[in-house]
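Colleague: This is the structure, below, for whatever I ask next.
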Amino acid sequence: MVLEILHEADKKRLKELLDEKRAKEEIIDNQIEPKHKVRLRKITKRREKRYNLTQTASILKVHRQTIYYWIKKNWVKPKRDFKGHPVFTVLDIEKLLEWKNSLKINNLEN
């Protein structure tokens, strides 16, 4: 009997918390303009898409071992998948491209 009462109280509290969360999300959602919502969705999708080391190397037009060398030197800090393998998001690859291109520019100037 006591467990049933506790269970019902927990269900009621959970429902209250979920309603509060939905209300907060609606307030935030109403504050964001539609054009910004589209941009946020695109950014979220870019964060979710992941590339393995070989795919990243092919995009950057470098050898796979080069990226391993960068990781070893702590020049690059990749995220890891559930097996511990390095993975890169689109945003990470964009940063790597900028970094790689800045190195080329610096070498040309010297």
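FYI, it's all coordinate maths here, none of it is from the lab. If you're wondering where the values come from, they're calculated on a predicted model, not measured in any experiment. Glycine gets a Cβ as well: all are built from the backbone with ideal geometry, and neighbour counts include every protein chain shown.
Colleague: Name the residue, out of 19, 29, 92, whose mean-square fluctuation peaks in a Gaussian network model built on the chain with Cα pairs under 10 Å.
Modeller: 19
Colleague: OK, next. Using a Förster distance of 41 angstrom, determine the FRET efficiency expected from the C-beta separation of residue 64 and residue 7, and round it to 0.05.
Modeller: With a Förster radius of 41 Å, E is 0.15.
Colleague: Which entry in (i) 14.0; (ii) 15.1; (iii) 18.2 is this structure's computed Kirkwood radius over Cα pairs in Å?
Modeller: (iii)
Colleague: For the chain, what does -39500 (n - 2.57) per DSSP helix run (n ≥ 4), summed and divided by total residues, give at 222 nm, in deg cm²/dmol to the nearest 500?
Modeller: When only DSSP H runs of four or more count, the value is -25000 deg cm²/dmol.
Colleague: Right, next: What residues from the range 50-79 fall in the zone where the backbone N is under 14 Å from a label point 7 Å along the Cα-to-C-beta line of residue 102?
Modeller: Residues passing the 14 Å test: 75-77.
Colleague: Quick one: compute the contact order of the chain, relative version, from alpha carbon pairs under 8 angstrom and 6+ residues apart, as a percent.
Modeller: Once divided by the residue count of the chain, the mean separation gives 23 percent.
Colleague: Under 30 Å from the Cα of residue 73, which lysines turn up, not counting those fewer than eight places away in the same chain?
Modeller: Result set, ordered by chain and number: 45, 49, 61, 83, 95, 100, 104.
Colleague: Further question: List the extent of the Cα atoms of the range 2-46 along each of their three principal axes, largest first, rounded to whole Å.
Modeller: Largest first, the range 2-46 extends 51, 22, 7 Å along its Cα principal axes.
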